[in-house]
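I have placed the structure first, in the form of structure tokens, so that the comments after it can refer back to it.
The values are calculated or read from the model by the stated rules, or taken from the named source; none is laboratory data. These numbers were taken from a predicted model, which means no experiment stands behind them. We place every Cβ from the backbone using ideal geometry, glycine too, and count neighbours over all the protein chains shown. For the accessible areas, the whole protein counts, side chains as well, though only heavy atoms, and no ligand, DNA or RNA atoms are used. Shrake-Rupley method; radii C 1.70, N 1.55, O 1.52, S 1.80 Å.
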Amino acid sequence: MSVHLHAEQQVMGLSRYASAARGADGRFYLSWINMVDKQLSSYPLPGRAHHVVAHPDKPWLFVVARRPQQWIEVIDTHTGKSITQIRCDADHQMCGHAQITQNGRWLLSTEQATNADEGLVVVRDIHNGFKVEQQWPTGGIGPHELRLSPDQRFLAVANGGILTEGREKLNLDSMSPSLAYLDMINGQLLDKVELGHAYHQSGIRHLDVAADGRVIMAMQYEGEAVDIVPLVATHRMGEAINSLAIPLEIYGQLKQYCGSACFDISGRYAAVSAPRGGLVMLWDLSLDRLQGVVNINDGCGLAPTESAGEFLVSSGNGGLYRINSDELVRQQIPYEFEQPINWDNHLSII
């Protein structure tokens with residue numbers, strides 16, 4: 001189960017990826033793949049996970065539990081063993097996502113406390129036994145994905161706006177999603193934007209941040225199936241949200257649900273997955289234009305490759321694909337495994 005860097009990996013840079021997964025045995029796993037020799041390694045998890053984040057210096061992967069569970073499992077990919085299991089406070093639940101600062105010191109996770117009016121970003125000190133050092137309000141209920149800006153100045157947080165009990169959604173009529181920006185020095189709320197009341201059921205769930213600070217958001221609509229509402233948008237701090245136009249013939253296939261959002265390595269192109277619709281949208285954000293779509297059944301996880309305009313997509317059916325924004329084609333990537341797996345929602349570079 002050990003993973004060692006080959007010379008080719010050091011040249012390619014983006015050549016190892018990880019995701020939560022379900023095995024053919026029905027158990028949940030952390031799975032990571034070496035793209036040089038297409039070898040897949042796995043580690044059993046205590047339950048279903050959502051997002052995986054890599055430590056910048058150590059061979060550690062942090063696997064974040066799916067809401068409403070309360071753990072983050074830390075795995076050493078060199079030894080294939082657990083470093084520790086981080087537990088949140090008894091009245092908290094993990095919200096599925098985390099980030100690690102570029103210096104490798106701070107672990108940031110979105111969490112929601114029982115009966116709280118706001119979600120939290122919980123800051124833990126990796127160098128001090130993962131001790132909780134600070135808790136920053138996110139300015140909204142139900143925070144989900146969070147992303148550090150590449151310059152480490154701010155943290156973008158998607159507040160889904162949904163109050164939950166377990167997996168049950170309690171406030172769909174009054175939900176209030178928002179995109180929040182927190183200062184990385186002190187957690188202060190720098191900016192917060194909403195789509196407006198007419199679109200208050202377009203839950204902002206997933207996002208990514210480009211090098212120039214631009215954010216792309218993927219949304220999930222909780223209203224009527226026949227409504228036409230924003231599902232993909234961009235934003236820059238201090239401006240209004242910019243909803244991206246989706247042609248009706250494509251919009252109708254999305255089933256009001258976008259799964260992941262991801263910038264390519266250049267920051268010009270972005271991909272947004274729609275697993276319930278079985279497609280991935282590819283955008284040229286220099287023109288705010290939809291380039292087209294690539295059909296991938298239950299494709300949800302997204303990550304950039306080393307080439308501009310190119311992405312990897314993981315499927316809930318177990319497939320792994322390379323797609324290109326210009327040619328709009330997909331190439332299935334074969335890999336070796338001990339048992340078939342079904343990739344979960346997100347794909348991460350390690």
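Let me test this: with uniform point scatterers at the alpha carbons of the chain, what is the Debye-based log₁₀ I(q)/I(0) at q = 0.08, 0.14, 0.15, 0.16 1/Å?
Here log10 of I(q) over I(0) equals -0.34, -1.16, -1.36, -1.58.
Using only the alpha-carbon atoms of region 31-107 as identical scatterers, what base-10 log of I(q)/I(0) does the Debye formula give at q = 0.13 Å⁻¹?
For region 31-107, the Cα-only Debye profile gives -0.40.
Just want the answer: with Cβ charges of +1 for Lys and Arg and -1 for Asp and Glu, which residue in Asn103, Met35, Leu179 is farthest toward the dipole's positive end in the chain?
Ranked along the dipole, the leading option is Met35.
When all protein chains stay in place, what accessible area (Å², nearest 10, 1.4 Å probe) is found for Val157?
0
Less than 12 Å Cβ to Cβ from Gly316, Lys/Arg counted +1 and Asp/Glu -1: what total charge do the surrounding residues give?
The answer is 0.
Accessible area, 1.4 Å probe, largest first: how do Lys58, Lys131 sort?
Greatest to least solvent exposure: Lys131, Lys58.
Kindly provide the pair-distance distribution of region 123-166 built from C-alpha pairs, with 10 Å bins from 0 and whole-percent values in order of increasing distance.
Calculated over all Cα pairs of region 123-166, the distribution is 23, 41, 32, 4 percent.
Just how many % of Cα pairs in region 7-141 lie over 23 Å apart, if you round to the nearest whole percent?
Here the long-distance tail beyond 23 Å is 35 percent of all Cα pairs in region 7-141.
Can you give the Rg to Rh ratio of region 260-350, both from alpha-carbon atoms, with Rh computed by the Kirkwood formula?
A ratio of 0.96.
Quick check: the distance between the Cα centres of region 109-170 and region 259-312, to the nearest angstrom?
What the calculation gives is 25 Å, centre to centre.
Kindly report the accessible area of the chain per residue (heavy atoms of protein chains, probe 1.4 Å, no ligands, DNA or RNA), in Å².
41
Under 21 Å between alpha carbons, and skipping anything fewer than 8 positions from Lys169 in its own chain: which lysines qualify?
Partners found: Lys255.
Quick one: pull the percent of accessible area on the chain belonging to carbon and sulfur, 1.4 Å probe, ligands and nucleic acids left out.
For the chain, the apolar C and S fraction of the accessible surface comes to 46 percent.
Ignoring ligands and nucleic acids, what accessible area does Arg66 show with a 1.4 Å probe (Å², nearest 10)?
Arg66 exposes around 70 Å² with every protein chain in place.
Return the Rg/Rh ratio of region 186-282 with Cα-based radii and a Kirkwood Rh.
Here Rg/Rh amounts to 0.97.
Just the accessible area for Glu239, please: 1.4 Å probe, Å², rounded to the nearest 10?
Per-residue accessible area (Glu239): approximately 100 Å².
Tell me, what is a quarter of the convex hull surface for the C-alpha atoms of region 103-261, in nm² with one decimal?
For region 103-261, averaging the hull's shadow over all directions gives 9.9 nm².
Give me Rg over Rh for region 75-170, both radii from the alpha carbons and Rh done the Kirkwood way, two decimal places.
Result: Rg/Rh = 0.99.
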